[in-house]
Amino acid sequence: MKSTFGLHTIERFLNNVIGAILVVGMMLLIVADVTGRYFFNRPVQGTMELTIFIMVGMVFLTIGYTQGIKAHIKIEILAERMSFRMRKVFELVTCVLGLGIYGLIAWQGVMLALDSWKYHEYTDGLIPFPTLPAKLTVPIGSILLCLRFILDIVNILKDLKGKGTS
């Protein structure tokens, strides 16, 4: 896996360590909530809010790793019928579009996280949870994905330059 600036190491850490911790934490929280609800008539308060926050973190903190190992969904039936050059052009267009979209998501995520920090935003409910940690995962994951898209664009352009008409 070609990577510069340790991007793959960061992505792998977020996926394999932080992502795993989030999945296990969410699983334990839901098991405790269900057990408390059905056996003791006492559910764990705030399970819904915490589960939503955890899912946001799981998606955004692991999305760059998924792009890095090329595990996002592809339409193989079309790609296998294309020439090497055409496949690379489609990959390039996809990465450029992804970079634009996730660049906007990162920018807006930073703005929302700054507002959350500035106004000390908390959830409504029995237990007021700060929204900043969940709101920070969106721009962090999006920025890492944008870096991955930039790296992919560079690699695709190298491939297109190196293999003219395969």
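With an 8 Å Cα cut-off and a minimum separation of 6 or more residues, compute the relative contact order for the chain in percent. Before the final figure, lay out each step's value.
Numbers: 153 pairs, mean separation 49.1, N = 166.
For the chain, the relative contact order is 30 percent.
With a length cut of 30 Å (Cα positions projected on each helix's long axis) and a Kyte-Doolittle mean of at least -0.5, go through the chain and give me the DSSP H helices that pass.
Those that clear 30 Å and a mean of -0.5 are 47-68, 84-118, 132-162.
Using the Cβ-Cβ distance between VAL93 and ILE52 with R0 set to 30 Å, the FRET efficiency works out to roughly 0.35.
Distance between the modelled labels on ALA71 and LEU114, one decimal in nanometres: 3.4 nm (7 Å Cα→Cβ projection).
For an R0 of 35 angstrom, estimate the FRET efficiency from the Cβ-Cβ distance between VAL154 and TYR122 and round to the nearest 0.05.
Details: r = 42 Å, r/R0 = 1.19.
Given R0 = 35 Å and the Cβ-Cβ separation, E is 0.25.
What you get for segment 1-105, charging only the Cβ of Lys and Arg (+1) and of Asp and Glu (-1), is a dipole of about 340 debye around the Cα centre. The chymotrypsin sites (Phe, Trp or Tyr not before Pro) of segment 82-166 that meet both conditions, a loop assignment by DSSP and at most 16 other Cβ atoms within 10 Å of the site Cβ, are TYR119.
Cross-link check: pairs LYS70/LYS135; LYS135/LYS158; LYS88/LYS135; LYS74/LYS161 evaluated at a Cα-Cα cut-off of 31 Å; pairs beyond the cut-off: LYS135/LYS158; LYS88/LYS135.
Taking a label point 7 Å from the Cα of VAL59 along the Cα→Cβ vector, which residues of segment 22-49 have an amide N closer than 18 Å to it? Only 22-24, 26-27, 48-49 pass the distance filter.
Quick note: the coordinates plus some simple rules give every number you see, no bench work behind them. No experiment lies behind these values; they were computed from the predicted model shown. For neighbour counting, all protein chains shown are included, and Cβ atoms are generated from backbone atoms with ideal geometry for every residue, glycine included.
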